[in-house]
Amino acid sequence: SDQMCLTNTQIQRTDTLTPPAPENAHSIRLDGDIILGGLFPVHSRGERGAPCGELKKEKGIHRLEAMLFALDLINKDPDLLPNVTLGARILDTCSRDTYALEQSLTFVQALIERDSTDVRCASGEQPIFAKPDKIIGVIGAAASSVSIMVANVLRLFKIPQISYASTAPELSDNTRYDFFSRVVPPDSYQAQAMLDIVTAMGWNYVSTLASEGNYGESGVEAFVQISRETGGVCIAQSLKIPREPRLGEFDKIILRLLETPNARAVVMFANEDDIRRVLEAAKRNNQTGHFLWVGSDSWGSKISPVVQQESVAEGAITILPKRVSIEAFDRYFKSRSLSNNRRNVWFAEFWEENFGCKLGMHGKRPGSPKKCTGLEKVGRDSTYEQEGKVQFVMDAVYAMAHALHRMHRDLCLGYPGLCPRMSNIDGKELLGYIRNVSFNGSAKTLVVFNENGDAPGRYDIYQYQITNRSAEYRIIGHWTDQLHLNMNAMQWASGDSSVPASVCSLPCQTGERKKVVKGVPCCWHCERCEGYHYQASEFTCQLCPYEQRPDQNRTGCQPIPIIKLEWYSPWAVAPVFIAILGILATTFVVVTFVRHNDTPIVRASGREMSYVLLTGIFLCYVITFPMIAAPGLAVCSFRRIFLGLGMCFSYAALLTKTNRIHRIFEQGKRSVAAPRFISPASQLVITFSLISVQLMGVFVWFVADPPHTVVDYGEQRTQDPENARGVLKCDISDLSLICSLGYSILLMVTCTVYAIKTRGVPETFNEAKPIGFTMYTTCIIWLAFIPIFFGTAQSAERMYIQTATLTVSLSLSASVSLGMLYMPKVYIIILHPEQNVPKRKRSFKAIVTAATMTNKLSQLASERPNGEVKTELCESVDNSSEYRRLLYHAHC
């Protein structure tokens with residue numbers, strides 16, 4: 001009780017009360033000018049309704065003594081808070097948030113106004129209340145759940161709080177926990193560091209495992225949130241370990257993790273007891289070496305979770321706030337004894353626990369056979385290793401001291417001790433000084449706070465490695481805003497230096513795009529970029545430009561190879577061979593005709609027209625060479641000019657000849673007068689007039705569309721891009737080709753019509769029948785040409801087939817004309833010169849009359865008996881001696 005008299009109800013029973021318990025049996029109280037509160041988990045959580053359990057030697061006593069040690073140093077430091085003594089009120093939280101909340105009410109007693117109207121002393125005097133300590137700031141707590149509970153109370157009374165171990169991201173909310181600060185980085189930094197580790201390992205498919213409670217759930221939540229914002233890491237499963245796990249619960253967790261076997265990496269935010277039991281369950285289920293553990297600072301470099309679980313924990317990567325062992329604290333703590341450390345009310349209990357002995361009859365270890373002598377020494381008679389948060393406890397105390405020092409300097413202006421302005425410290429004003437402190441802490445690292453009261457993230461990265469001699473945690477890197485990892489220092493259970501995989505899907509090969517599974521961006525199916533598509537990005541295939549095709553790896557495009565008809569191609573060799581033979585034959589005929597220019601056969605053939613016809617035949621053979629030659633401006637020009645010109649020369653000459661014969665014999669039926677324009681000069685004029693039409697069309701074609709080359713990528717655009725080729729050709733479309741040859745074909749058809757009309761002319765009269773046979777054969781050739789040429793328009797070999805078909809058709813047409821019209825004459829000229837002699841000349845009138853009479857004779861023979869025909873014919877002939885003579889010559 002902190003009052004000096006009793007209430008009305010207590011007055012009646014004063015004689016029966018037992019003496020109250022010592023005031024501070026559950027806390028440590030140190031006097032001072034300024035009192036700081038302290039919250040430490042001296043005992044573990046109690047069982048079966050008990051608030052407190054067993055003593056925590058390291059997390060409780062070590063940390064508590066670190067605060068006492070820091071206060072000693074500050075009070076002895078002449079440069080820090082000179083003439084001002086810091087005191088303390090330290091409470092045990094028993095690792096339970098509700099119990100800590102009850103204890104923390106002690107810190108606000110001085111700020112609560114008391115109602116004393118119902119209180120009176122037995123003597124009737126006014127009651128006198130013992131003044132409680134006014135706490136201006138609190139150091140603690142350890143667990144995040146405890147800090148959250150306490151912070152909600154302290155903020156109401158504007159009491160600043162600095163934690164040395166609470167890392168929950170929730171405490172960074174400056175709107176809810178505005179009076180809370182901490183010298184350890186929040187789990188959001190830790191989660192970022194762990195995500196950077198996972199990313200550096202190339203693991204994009206991981207599971208998370210959290211102990212139920214604020215620390216584990218907040219840590220996993222921060223990790224999941226950051227991974228979603230950053231991208232690149234997917235969560236396969238997110239499992240939670242209950243506060244009170246049932247029998248077989250950890251085996252179920254391992255089996256659940258195995259449901260996604262590709263997610264070998266497991267990110268753990270769990271307390272050390274849960275970590276140990278998870279490792280045990282993995283070992284029981286024969287999963288040693290399967291899981292890749294990534295542990296938070298609750299695992300850190302602790303030995304207890306991995307004892308007898310070394311093989312299953314091998315390769316585990318853990319994280320721990322960067323810290324160093326404070327040698328001065330080691331000397332201080334090892335020097336503590338029962339005699340010199342009476343201020344610590346729990347030190348006797350620690351002494352029994354640490355040395356395994358019992359202190360007197362009221363000791364906490366009644367079953368211990370050994371009695372404590374009080375001469376035991378820490379570190380000599382027991383193992384000792386400094387607890388990891390000692391550094392941060394001292395930094396928290398020093399942060400409060402530096403804030404008070406600056407406040408004293410600003411408010412007291414050199415006044416020794418506490419000045420009146422600091423007799424009642426404003427918590428909000430002190431909070432401003434706390435947030436602005438900056439000093440080198442006990443580990444010589446900078447202690448600062450951001451606007452949310454968080455310390456900067458500084459972590460050491462460990463890996464649990466097994467060597468031939470021992471198993472140990474080895475530092476493999478550190479994280480300070482960004483990750484620095486020594487990959488060469490890492491070691492895995494498989495003995496392989498390569499990092500094990502924890503991915504949902506293996507990387508796609510080059511030329512394949514990722515088709516992401518809906519809702520799981522780290523899982524995908526690989527699809528090949530088919531056809532003319534290439535891999536434009538990780539997730540897309542794009543079509544190459546029309547003149548390009550994918551490269552070997554399908555990661556880009558390359559130009560499609562350009563081809564043309566080569567001279568050595570079989571499609572070119574045959575036409576060229578035929579053309580050369582034709583040119584030689586035509587040259588031989590021309591030379592023969594020139595040498596025997598004045599002989600009867602040459603003259604009877606019509607020398608002028610024969611040379612024109614032979615020129616056309618020669619051009620039909622010659623066109624083969626520009627059709628096969630590499631396309632260029634000159635070659636394309638020659639193709640346009642000579643493609644139809646050779647046929648035009650040939651069939652214009654033949655048409656003129658057949659037309660002349662037809663007109664002669666049609667005229668002979670009406671009169672014996674010769675028709676007009678049958679002289680050689682007239683024939684040449686008519687022929688070149690017909691040829692000029694072709695030349696005029698070519699000229700217009702040149703003007704409207706100048707010749708040029710094009711690369712046709714569609715002609716040989718096969719389904720397999722490897723076989724795709726661009727064809728270099730002259731810009732002559734099928735329509736242009738038809739127009740160019742159309743006029744020559746028209747001449748050919750017209751000539752054929754006249755050949756049919758003059759088929760009845762006697763063989764002795766000119767060349768009507770050979771011309772007729774020539775035209776019939778030529779028509780058959782070109783009728784075969786049309787389906788072959790246009791029927792192969794969709795073929796991959798289109799260029800070769802069409803070029804060969806066209807050139808061979810032209811050569812065959814020329815060969816037919818040459819063979820049927822001139823070879824018989826050359827045969828007579830060369831081999832039978834005796835037949836190449838002049839015969840008795842007949843007038844045109846005699847020729848025509850004889851031909852006419854022969855026709856009549858043929859007609860009458862078909863209509864009447866032989867005798868009648870002969871009689872009628874003779875009678876008719878007898879009427880004129882001239883007709884008798886003509887008929888004689890005709891028969892001759």
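The values are calculated or read from the model by the stated rules, or taken from the named source; none is laboratory data. Please read these numbers as outputs of a predicted model, since none were measured by experiment. With ideal geometry, Cβ positions are generated from the backbone for all residues, glycine too; neighbour counts draw on all protein chains shown. The area values use the complete protein model at the heavy-atom level, side chains included, leaving out ligands, DNA and RNA. Shrake-Rupley method; radii C 1.70, N 1.55, O 1.52, S 1.80 Å.
A compact table of results
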{"item": "Residue in the range 744-752 that is modelled with pLDDT under 80, open to solvent by 40 Å² or more (accessible area, probe 1.4 Å) and not in a loop (DSSP other than H, G, I, E, B) present", "result": "no"}
{"item": "Qualifying positions in the range 377-406 - open to solvent by less than 40 Å² (accessible area, probe 1.4 Å) and among the hydroxyl-bearing types (Ser, Thr, Tyr)", "result": "Ser382"}
{"item": "Residues of the range 550-597 satisfying the condition of being assigned to a strand (DSSP E or B), without any contact (Cβ under 8 Å) to a residue 24 or more places away in the chain and either hydroxyl-bearing (Ser, Thr, Tyr) or surrounded by 14 or more Cβ atoms within 10 Å (Cβ to Cβ) (or both)", "result": "Cys557"}
{"item": "Of all residues making up the range 684-718, the number that are farther than 30 Å from Ser795 by Cα and open to solvent by less than 50 Å² (accessible area, probe 1.4 Å)", "result": "6"}
{"item": "Qualifying residue in the range 37-44 (condition: out of contact with any helix residue (DSSP H, G or I) (no Cβ under 6 Å at 6 or more places or on another chain), modelled with pLDDT under 85 and either closer than 25 Å to Val108 by Cβ or open to solvent by 80 Å² or more (accessible area, probe 1.4 Å) (or both))", "result": "no"}
{"item": "Test for Lys358: is it crowded, with 17+ Cβ neighbours inside 10 Å and at pLDDT below 90", "result": "yes"}
{"item": "Of residues in the range 518-539 being open to solvent by 60 Å² or more (accessible area, probe 1.4 Å) and in a loop (DSSP other than H, G, I, E, B), the one farthest from Asp712 (Cα to Cα)", "result": "Gly519"}
{"item": "Residue tally, condition open to solvent by less than 30 Å² (accessible area, probe 1.4 Å) and touching a Pro at 6+ places or on another chain (Cβ under 6 Å), over the range 725-741", "result": "1"}
{"item": "Neighbours by Cβ (under 6 Å, 6+ apart or cross-chain): first from the range 286-297, within 13 Å of Leu257 (Cβ to Cβ); second among the hydroxyl-bearing types (Ser, Thr, Tyr)", "result": "Leu292/Ser502"}
{"item": "In the range 639-669, the residues that are closer than 22 Å to Pro707 by Cα and open to solvent by 20 Å² or more (accessible area, probe 1.4 Å)", "result": "Arg639, Ile641, Phe642"}
{"item": "Every residue from the range 178-204 that is open to solvent by 30 Å² or more (accessible area, probe 1.4 Å) and farther than 19 Å from Gln482 by Cα", "result": "Asp178"}
{"item": "Exclusive hit being exposed (fewer than 15 other Cβ atoms within 10 Å of the Cβ), in contact with a strand residue (DSSP E or B) (Cβ under 8 Å, 6 or more places away or on another chain), modelled with pLDDT of 90 or more and of a type in the set (D, E, K, R), set Arg343, Arg409", "result": "Arg343"}
{"item": "Matching residues in the range 623-638 - criterion: being over 15 Å from Ser569 (Cα atoms) and either out of contact with any helix residue (DSSP H, G or I) (no Cβ under 7 Å at 6 or more places or on another chain) or surrounded by fewer than 17 Cβ atoms within 10 Å (Cβ to Cβ) (or both)", "result": "Pro631, Gly632, Leu633, Ala634, Cys636, Ser637"}
{"item": "Test for Ile61: is it within 60 Å of the chain's Cα centre (by Cα) and in a helix (DSSP H, G or I)", "result": "yes"}
{"item": "Val590 touching a Lys or Arg at 6+ places or on another chain (Cβ under 8 Å) and under 30 Å from Pro838 (Cα atoms)", "result": "no"}
{"item": "Top-ranked residue of the range 133-147 - restricted to ones that are part of a strand (DSSP E or B) and open to solvent by less than 10 Å² (accessible area, probe 1.4 Å), ranked as farthest from Met394 (Cα to Cα)", "result": "Ile135"}
{"item": "Index of the failed condition, Asp426 passing every other in (1) open to solvent by less than 70 Å² (accessible area, probe 1.4 Å); (2) more than 15 Å from Ile162 (Cα to Cα); (3) not aromatic (Phe, Trp, Tyr)", "result": "(1)"}
{"item": "Pick from the range 447-470, criterion of a type outside the set (Ser, Thr, Tyr), open to solvent by less than 40 Å² (accessible area, probe 1.4 Å) and not in a loop (DSSP other than H, G, I, E, B), ranking: farthest from Trp299 (Cα to Cα)", "result": "Val447"}
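Here's the yes/no breakdown for (1) in the same structural domain as Ile756 (by the TED database); (2) at pLDDT below 50:
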{"site": "Thr805", "(1), (2)": "yes, no"}
{"site": "Gly819", "(1), (2)": "yes, no"}
{"site": "Val826", "(1), (2)": "yes, no"}
{"site": "Val848", "(1), (2)": "no, no"}
{"site": "Asn866", "(1), (2)": "no, yes"}
{"site": "Val869", "(1), (2)": "no, yes"}
{"site": "Asn879", "(1), (2)": "no, yes"}
{"site": "Arg885", "(1), (2)": "no, yes"}
{"site": "His889", "(1), (2)": "no, yes"}
